[in-house]
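Notes to accompany the following structure.
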Amino acid sequence: MPNVFDLPALPTVAIDGDDGRFPVGRIFCVGRNYADHAREMGSNPDREPPFFFSKFAQALVPGGGTIPYPPVTGDLHYEAELVVAIGHEGAAVAAERALDLVYGYAAGLDMTRRDLQAQAKDKGRPWDIAKNFAFSAPIGSLRRVADAGHLASGEITLALNGVIRQRGDIGDMIWNVAEVIAHLSRLERLLPGDLIYTGTPSGVGAVAPGDRLTVSIAGLGPLAVTIGEREADFA
């Protein structure tokens, strides 16, 4: 039987040096994976098992560009992150084999409606809507492992209107990429097309319409995003 309507196509991400594109099925995100960011958010950065939340694939913004300031918030924050692209299926993968699943890496942004997140935390409610909304997951082009190898260390920065606001090193992650993949693969079978946003260093902050964000990670192409006009709140 035919479908009663057609869904929009899932997003794809550009690949450096390749005319093909990486199709995206799911987006997983790691919370509080840098000790300094955990502290600035009022949490204990001890090495506890990582926790995860998700974004819809439709939240992805391949290539960056201009994104609207979202509705129902007055405190939109940036979070610069290393993104891992999964190219092979795996479940309950050991950490020493986890990097075999990786297709490549990219610079990304986890945009967050911080006020909605704080309200949900205060009431003990899920804070999905603070993280998972349209245009909340900008991503730069992918650099394949076959071309650049694995990223165990390297500077990650975010500039707001040309001024550095976040500066860290991906080697400072509490849980490194292999460990993140191993933990997540015990909770959910990973599939080709999955993306994993691996957490952000300290220095997160608010943006306003007209602001320009640039995420840079050593060995990867930059990601540039401009915050557009505020979307009207839905009636």
- Message: With every protein chain left in place and a probe of 1.4 Å, what is the accessible surface of residue 6, to the nearest 10 Å²?
- Response: 130
- Task: Report the accessible area of residue 216, computed with a 1.4 Å probe over the heavy atoms of all protein chains in place, in Å² rounded to the nearest 10.
- Result: 50
- Item | residue 56 - accessible surface, heavy atoms, 1.4 Å probe, Å² rounded to 10 | 130
- Query: Can you give the three extents of the C-alpha atoms in the chain along their principal axes, from longest to shortest, in whole Å?
  - Reply: 53, 46, 37
- Could you calculate the contour length gain from residue 128 to residue 75, that is, 0.36 nm times the residue separation minus the distance between their Cα atoms, to one decimal place in nm? 17.5 nm
- Task: Quick one: pull the percentage of alpha-carbon pairs in the range 58-103 with a separation above 11 Å.
- Result: 80
- Task: Specify, per residue and in Å³, the volume enclosed by the convex hull of the alpha carbon atoms belonging to the range 69-189.
- Result: 139
- Query: Quick one: length gained pulling residue 188 to residue 3 fully straight, 0.36 nm per residue minus the C-alpha distance?
  - Reply: 63.7 nm
- Message: On a full-extension model of 0.36 nm per residue, what is the gain between residue 150 and residue 212, subtracting their alpha-carbon distance, rounded to one decimal in nm?
- Response: 19.4 nm
- Task: May I ask you to give the percent of accessible area on the range 93-235 that is carbon plus sulfur, with a probe radius of 1.4 Å?
- Result: 51
- Send over a whole-number figure in Å² for the accessible area per residue of the chain, probe 1.4 Å. 47
- 13 Å tail of the calculated P(r), the range 181-235, as % of Cα pairs: 77
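The values are calculated or read from the model by the stated rules, or taken from the named source; none is laboratory data. If you're wondering where the values come from, they're calculated on a predicted model, not measured in any experiment. Each accessible area value is taken on the protein alone, full model and side chains, heavy atoms only, with ligands, DNA and RNA left out. Shrake-Rupley method; radii C 1.70, N 1.55, O 1.52, S 1.80 Å.
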